[in-house]
Amino acid sequence: MYSMKSIAIVGIVLISLCFGLDYMSNLKKKDQLQQIILQHPTIIDVRTEQEFQAAHIKGAINIPLESLNNKYTLLNKNTTYITTCSHGIRSKKALYVLQKKGFQNVFDGGAWLGLQNLLIKK
């Protein structure tokens, strides 16, 4: 049988690996977004109109996720877009919606405050 100490060590190693991989994934995403930002993409904020009015990235357009299936036709498929929202869940859903509609130059920006910080650093 394995001792509790051995099991604990294995657990700690596995958790560390998971967090390490997540951290590396986040760094890669951040680097990718910084490169895309240099192309001057259009930011699509998919939060509600009320959330957008309270605060948003300067120059962003607001198309709430609930409206995206109907309003995607207002967008140009040749334009580069970054989706954003409050925490990153809706922006990822918006990314999938736009990709299914044939958009190839669309990227998930996650939470708008984090994306705004990247835009300021450019």
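Rank-order 53-66, 101-114, 71-84 by packing density, defined as the average count of other C-beta atoms within 10 Å over each peptide's residues, highest first. Write down the numbers at each step before the final one.
On the way: 53-66: 14.5, 101-114: 17.9, 71-84: 16.3.
Highest-to-lowest ranking by the protection proxy: 101-114, 71-84, 53-66.
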For the residue pair K92 and K77, what label-to-label distance in nm results when each label sits 7 Å from Cα along the Cα-to-beta-carbon direction?
2.7 nm
Around S91, what is the net charge, scoring Lys/Arg as +1 and Asp/Glu as -1 over all other residues with Cβ under 11 Å from its Cβ?
+2
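Shape verdict for region 31-93, please, from the Cα gyration tensor: rounded (a/c under 1.5), prolate (a/b greater than b/c) or oblate.
Working: a/c = 1.66, a/b = 1.24, b/c = 1.34.
It is oblate, given that a/c is not under 1.5 and a/b is not larger than b/c.
Every number in this text was worked out from the coordinates using simple rules, so none of it is lab data. Since we're looking at a predicted model, the values are computed, not measured. Glycine gets a Cβ as well: all are built from the backbone with ideal geometry, and neighbour counts include every protein chain shown.
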